[in-house]
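These notes concern the structure reproduced below.
The values are calculated or read from the model by the stated rules, or taken from the named source; none is laboratory data. Everything quoted here is computed from the prediction, not taken from an experiment. We place every Cβ from the backbone using ideal geometry, glycine too, and count neighbours over all the protein chains shown.
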Amino acid sequence: MSDSTCPVSKRSHAAFFSSREGDILQGIARGDTNKHIARRYDIAEATVKVHVKAILRKIGVQNRTQAAIWALSQDGPHTSHLSQTTSDVLSGGEANGFSGPAPRCTAH
């Protein structure tokens, strides 16, 4: 798929997500609940939900699990703090007999 049809290419992360959306995506990738993310950033849980919906729409996935898998498969500032082992496990390979959904686009 070309960059024009892919929701997010690797080189566009910084411009694609707001700073707060990047924070929220980090929380999703860590497995944090909306309530935990809201407390961490001192914002309302409803505000977190709005950001989560925007993130899901921007990257073209249907749920936060797919968003976490997507985030961990990217090489960007929102995943720089996560361990390489976690990224390797969730980047599309199988772990304990389970595999994640196929990515909707590939990075170019």
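Going residue by residue through segment 91-107, is there one that turns out to be at pLDDT below 90, surrounded by 14 or more Cβ atoms within 10 Å (Cβ to Cβ), more than 21 Å from F16 (Cα to Cα) and out of contact with any Phe, Trp or Tyr (no Cβ under 6 Å at 6 or more places or on another chain)? Within segment 91-107, one or more residues are at pLDDT below 90, surrounded by 14 or more Cβ atoms within 10 Å (Cβ to Cβ), more than 21 Å from F16 (Cα to Cα) and out of contact with any Phe, Trp or Tyr (no Cβ under 6 Å at 6 or more places or on another chain). Across segment 1-47, the qualifying residues are those that are modelled with pLDDT of 95 or more and touching a Gly at 6+ places or on another chain (Cβ under 8 Å), and the one among them that is nearest to V61 (Cα to Cα) is I37.
Considering segment 39-57 alone, what residues qualify as being surrounded by fewer than 20 Cβ atoms within 10 Å (Cβ to Cβ) and either within 10 Å of the chain's Cα centre (by Cα) or not charged (D, E, K, R) (or both)? Selection gives Y41, I43, A44, A46, T47, V50, A54, L56.
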